[in-house]
């Protein structure tokens, strides 16, 4: 506050607005003034001499081999990886999307390996890609000792089955010869590697999982690149970043993207919280990335993206919305899902997918508008999702299926133009409709049977009455009855 009062620095937005509230000032007006001042300072810093130094943060890009000197936080994993390779020829590194598998391999492992390295992404033609990379080993024939690093190994499972089988066989031959093989695979595909007959034996004891970063590792990843470049981070900025990344490992790339922007807006040797807030912080980094990916989608894909993000939101009931972990079985695998995973906006792990950070729920205006549009319809859909999952888990027990009003509400939602029920939900609704039709038919049959039974009983009663009347008439003819009746005293009277 003393530095701010003397004009030596801009106070943080939180401090400035707290002071305004304490003085009963107009908060909205002073919030606008603070942003204008922060923007002006950022503009001056960018134009100042010496402000063009390249930021030491890669932002949303993965670290490369040339970034080894500024890659911090995963030294323990790199050491473990090197020790495993000294004993074994086949190692698998696995972690959720956004956890840094690519950075560990490129900036951590490769610079510390002395033998020739072949680094590749398999794509849809893994065998051809591998052959091309091997051919680039000038002066090192393929049978010489080398390290083969296959990053984003999960792409192999999109390749042609025959080429995939040949690629697996080539990996195993390389491992059995003089090469060492390291696979980097997303956590939700690690089990597929272990279960695959061609890879099961090689990968059974080869897995190195990337655990979430500790607080000390997060701090090193945020602070040390700037420190090595001759700058520091204000304590308030470090505390803010640590809080935003805590328990949300997918948020670290966006924190470094926000620091990259802050670096460019800072003049002097200290990155401040005020400068960080002026650039929008992690919220602006994530919202900007989300909008960029969404803007590149075709209209049908944008509708699919809307459905994806609405599934990833946990609806609050009088409380803020939160991230929701969506099981893999709930999402049909599509290129749209893969795009947001590659952009690190959606984190894919062993158990399912979730938003990389809570700030997307409030910080991305498009998602905020989707969530506010029709929350009643969203709740109908969420109940349908849960019911469909319960039905599948109970081995499709008919008692779990929808009936009556529940079914009507779900069908009404499914008929909306923007509704995108997934495969389990469509199966559940179809089974519920079929059950209702069967129950209605059974009800009609019961009613027809009841009516037939009543009619049969009525006919039987009429038949019985007729038979009794005839029998009575046979015993007492009509003339006899008239005679007896005419001679009776009461008849005379």
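The conditions of being modelled with pLDDT of 90 or more, closer than 27 Å to residue 353 by Cβ, touching a helix residue (DSSP H, G or I) at 6+ places or on another chain (Cβ under 7 Å) and not in a loop (DSSP other than H, G, I, E, B) are not met by residue 78. The listed residues are 240, 256, 262, and the only one of them that is part of a helix (DSSP H, G or I), crowded, with 17+ Cβ neighbours inside 10 Å and more than 27 Å from the chain's Cα centre (by Cα) turns out to be 262. For the range 316-339, taking the residues that are closer than 19 Å to residue 365 by Cβ and either at pLDDT 90 or above or out of contact with any helix residue (DSSP H, G or I) (no Cβ under 6 Å at 6 or more places or on another chain) (or both), the one that is surrounded by the most Cβ atoms within 10 Å (Cβ to Cβ) is identified as 323.
Kindly establish whether residue 192 is within 27 Å of residue 323 (Cα to Cα) and modelled with pLDDT under 85.
On the way: within 27 Å of residue 323 (Cα to Cα): yes; modelled with pLDDT under 85: yes.
Answer is yes for this residue.
A search for C-beta distances below 7 Å between a residue of the range 396-425 that is free of Cβ contacts under 8 Å to residues at least 12 places away in the same chain and any residue that is not in a loop (DSSP other than H, G, I, E, B), counting only pairs 6+ apart in sequence or on different chains, returns 397/391.
The values are calculated or read from the model by the stated rules, or taken from the named source; none is laboratory data. Just so it is clear, the structure is predicted and the values come from calculations on it, not from any experiment. Glycine gets a Cβ as well: all are built from the backbone with ideal geometry, and neighbour counts include every protein chain shown.
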